[in-house]
Amino acid sequence: MTWREALRELVFVAGALPFFARAVPSSAAALSQVFATLCHRLPERTLTLAGVEMLVCSRCAGLYAG
């Protein structure tokens with residue numbers, strides 16, 4: 001694996017974390033604290049997925065997914 005492939009995978013995983021962090025409840029609290037420093041998480045801008053609020057707002061989710 002080259003460093004470019006490893007970097008691409010790391011960016012993908014980092015971008016996917018806000019979407020799938022609630023799947024693992026034991027890590028959700030720790031990840032919530034980390035993402036609280038990166039996003040304002042206003043309730044009116046935060047997406048809900050299966051009735052659970054995501055760790056970041058829709059704007060930050062778009063940035064991470066992009």
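The values are calculated or read from the model by the stated rules, or taken from the named source; none is laboratory data. Only a predicted model underlies this, so the values are computations on that prediction, with no experimental measurement involved. Quick reminder, even Gly has a Cβ in these numbers, built from the backbone with ideal geometry, and neighbours come from all protein chains shown. Note: accessible area is taken over every heavy atom of the protein model, side chains too, but ligands, DNA and RNA are not part of it. Shrake-Rupley method; radii C 1.70, N 1.55, O 1.52, S 1.80 Å.
Take ALA65 and decide whether it is modelled with pLDDT of 80 or more and among the aliphatic types (A, V, I, L, M). Before the answer, list the steps.
Values: modelled with pLDDT of 80 or more: no; among the aliphatic types (A, V, I, L, M): yes.
No, not satisfied.
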Exercise. Exactly one condition in (1) outside any helix (DSSP H, G or I); (2) open to solvent by less than 50 Å² (accessible area, probe 1.4 Å); (3) out of contact with any strand residue (DSSP E or B) (no Cβ under 7 Å at 6 or more places or on another chain) is not met by MET1; state its number.
Key: (2)
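Can you confirm whether the stretch 41-52 contains a residue that is over 23 Å from ARG8 (Cα atoms), of a type in the set (D, E, K, R), without any contact (Cβ under 8 Å) to a residue 40 or more places away in the chain and in contact with a helix residue (DSSP H, G or I) (Cβ under 9 Å, 6 or more places away or on another chain)?
Initial filter on the stretch 41-52 (over 23 Å from ARG8 (Cα atoms)): 41-52.
After this cut, where a residue has to be of a type in the set (D, E, K, R) as well, the list is 41, 44-45.
Subset that is without any contact (Cβ under 8 Å) to a residue 40 or more places away in the chain: 41, 44-45.
In the following step, the residues that additionally are in contact with a helix residue (DSSP H, G or I) (Cβ under 9 Å, 6 or more places away or on another chain) were identified as 41, 45.
Looking for residues that are over 23 Å from ARG8 (Cα atoms), of a type in the set (D, E, K, R), without any contact (Cβ under 8 Å) to a residue 40 or more places away in the chain and in contact with a helix residue (DSSP H, G or I) (Cβ under 9 Å, 6 or more places away or on another chain), one finds at least one in the stretch 41-52, hence yes.
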Self-check item: Filtered residues of the stretch 21-49 (kept if among the β-branched types (Val, Ile, Thr) and either in a helix (DSSP H, G or I) or over 18 Å from ARG59 (Cβ atoms) (or both))
Solution: VAL24, VAL34
Exercise. Mind listing whichever residues of the stretch 53-66 are without any contact (Cβ under 8 Å) to a residue 12 or more places away in the chain and open to solvent by less than 70 Å² (accessible area, probe 1.4 Å)?
Key: GLY62
